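Report on the structure given below.
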Amino acid sequence: MTLLIGALTLGVILALLALGVYISYRIFDIADITVDGSLTFGAAVTGVLLVKYGVHPLWATSAGFIAGMMAGTVSGVLQTRFHINALLSGILVMTALYSVNLHVMGRSNIPFLGVATLSTYCETMAVQVFGGPETQLWGWTVSSADLTMLLLMLTLVGAIATGLWAFFRTDLGTAMRASGDNPQMVKALGGNVENYRIFGLALSNGLVGLAGALWAQYQNFADVQMGIGMVVWGLASVIIGEALTGATGVGIAIAGAIIGSVLFRQLVAIALSFGLNPNDLKLITAVFVFAALVLPGMMKHVSLRKAQGAA
Amino acid sequence: MTTHAQASAVPQRPLVRLNNVYKTFHAGTVNEVRPMRGINLEIAEGSFVIVLGGNGSGKSTLLNALAGSFPIDSGRIELDGQDVSRWPEYRRACLIGRVFQNPFSGTAPNMSILDNFSLAAKRGKFRGLGWAHSRHLQDELRDRVRELKMGLEDRLDSAIGSLSGGQRQALTLLMATWLKPRLLLLDEHTAALDPKSADQVIALTDRIIAREGLTTLMVTHSMQQAINLGDRIVMMHSGNVLHDFNSEQKQRLRVDDLLSRFENVRRRELLDESAAEMLKSRYI
């Protein structure tokens, strides 16, 4: 049960990553690798603020979001003002961020020992709410701190997802969606497509930075390697979500990305508990995304061939 | 001196004024094209100008230069009394409504009809955090889409990409004129449609322009459209205005006259026979 709650919590936290990737990949049609750097950047900034400066976890976490936004803004500026290919801009910013993150952290790993983080807040809150360090859930004994953390993350992600959904229904949000769909049309209707893209990437990477900030606090350390391959992780979540919901509208797609992230983390947890070598995780994720990208087209091809054969 | 000034006094300032506009693409390469070679053109408020010309004559470039799709090399473009030569495309959108040749260019295919019109309702205006689908917009949209008689009023939530080219062009036209533009630019907007849809869209175009009294610049390949529509014809050739027929002259024009003008151009240019065939097949 503890394992399940742990996997759930991580899945919910990384749903923010999935939402960020959804914005860049689905709305702007960019595979934005900045994500790999901005996730760590968010974690690093939050970690340093917590450990070195003793900042309140709420402010430190917000700083993680802002750090991510800054990374996204740089990527957006490279793409729009300097006309650098989207993939290459992502690679440049991600690579640069690796050094930046090392500088910010001062070393490759910061453990959050003996400092107040969202996790420690959850522990104190849990005792007040559930009246003890352990509590019963459907007959299972679980750590009330873990449960509180999960509930807190669910609330947070739920609120952000709702806010995002509402944003994409405003005039600005609609114009941003359209600028990914048909930039020529948006220009003709007076929309500044370049600024929309910069803002979109800032928002996307802000969410990713926030995911990094929360993840670091959940696992109690920030590590310079933690962002590696996370864009593929986000893509996998978005793709699973789409497959499950058949995503047509923004609202469903957002819900799908969250469900996809949670489910993907569960699958990974189950695979690991059955003895999957953790070193193979990224390979399997990449193969999974590859299959998800290629299979639908191949199935169409096969069914077309069959139909032709029948006729 | 005084009498001269009075004699040359213009009754109305033109809405559009192009002054010696030059544009060269791919300058200095083998692909160099010069679609604008010192174009001078004035368009009075409320006039409906048809722009004709062969491939590469610069007619579409003229429209794109007005819309601001690219920066011009030299010269000056005035719109509504303002020098817009250096304005980016999105900024000029507050004055200009556009319909493109390609039905896919004017709408966002994966978004609903309602989404698309909520964008059109903010053409050239600040887009903030206001709700895009206001009650008011939905009601007005349903009424105006019903006027199209295409049965789209009950499909406002379907993606525009699922509609036919003719339906999309009709909606794009409605979007371009949703907020009354100072200038409407139509770039061969029926060229990609089947004849029946093209006729429908042309009828709609004529109706909207007449009702709103829109100043319009319409590029077309169809001589028949050129004869039937508008009150002025501007014929372009190799980056400049070749002929300019005013309303009176235009009324006396027939398709054959226009064709013979093109024929003259052909002789002057000593185009080879195959190019002439190409022109003919396009224009007849």
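The values are calculated or read from the model by the stated rules, or taken from the named source; none is laboratory data. Worth saying up front: this structure is predicted, and the values here are computed from it rather than measured. All Cβ positions, glycine included, derive from the backbone under ideal geometry; neighbour counts span all protein chains shown.
Structure data summary
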item	result
Condition check for A:LEU235: among the aliphatic types (A, V, I, L, M) and in contact (Cβ under 8 Å) with a residue 24 or more places away in the chain	yes
Verdict on B:GLN251 being under 26 Å from B:MET150 (Cα atoms) and at pLDDT below 90	no
In region B:153-168, the residues that are more than 28 Å from B:GLU89 (Cα to Cα), of a type outside the set (S, T, N, Q) and either under 25 Å from the mean Cα position of the chain (by Cα) or within 12 Å of another protein chain (Cβ to nearest Cβ) (or both)	B:ASP157
Subset of region B:164-178 (residues that are assigned to a loop (DSSP other than H, G, I, E, B) and at pLDDT 95 or above)	B:THR177, B:TRP178
All helices (runs of 4 or more DSSP H) inside region B:182-269 with 2 or more residues being surrounded by 17 or more Cβ atoms within 10 Å (Cβ to Cβ)	B:195-212, B:223-228, B:255-269
Any hit, region A:158-166, residues being surrounded by fewer than 24 Cβ atoms within 10 Å (Cβ to Cβ), modelled with pLDDT of 95 or more, within 14 Å of chain B (Cβ to nearest Cβ) and more than 30 Å from A:TYR121 (Cβ to Cβ)	no
Test: residue in region A:227-234 that is at pLDDT 90 or above, in the same structural domain as A:THR9 (by TED's automatic domain parsing) and more than 23 Å from A:THR95 (Cβ to Cβ)	no
Residue in region A:120-129 that is farther than 20 Å from A:LEU10 by Cα, among the aliphatic types (A, V, I, L, M) and not in a helix (DSSP H, G or I) present	no
Matching helices (runs of 4 or more DSSP H) fully within region A:170-283 where at least 1 residues are more than 14 Å from chain B (Cβ to nearest Cβ)	A:193-219, A:230-245, A:250-273
Verdict on A:THR2 being of a type in the set (Ser, Thr, Tyr) and either modelled with pLDDT of 95 or more or under 16 Å from A:GLY212 (Cβ atoms) (or both)	no
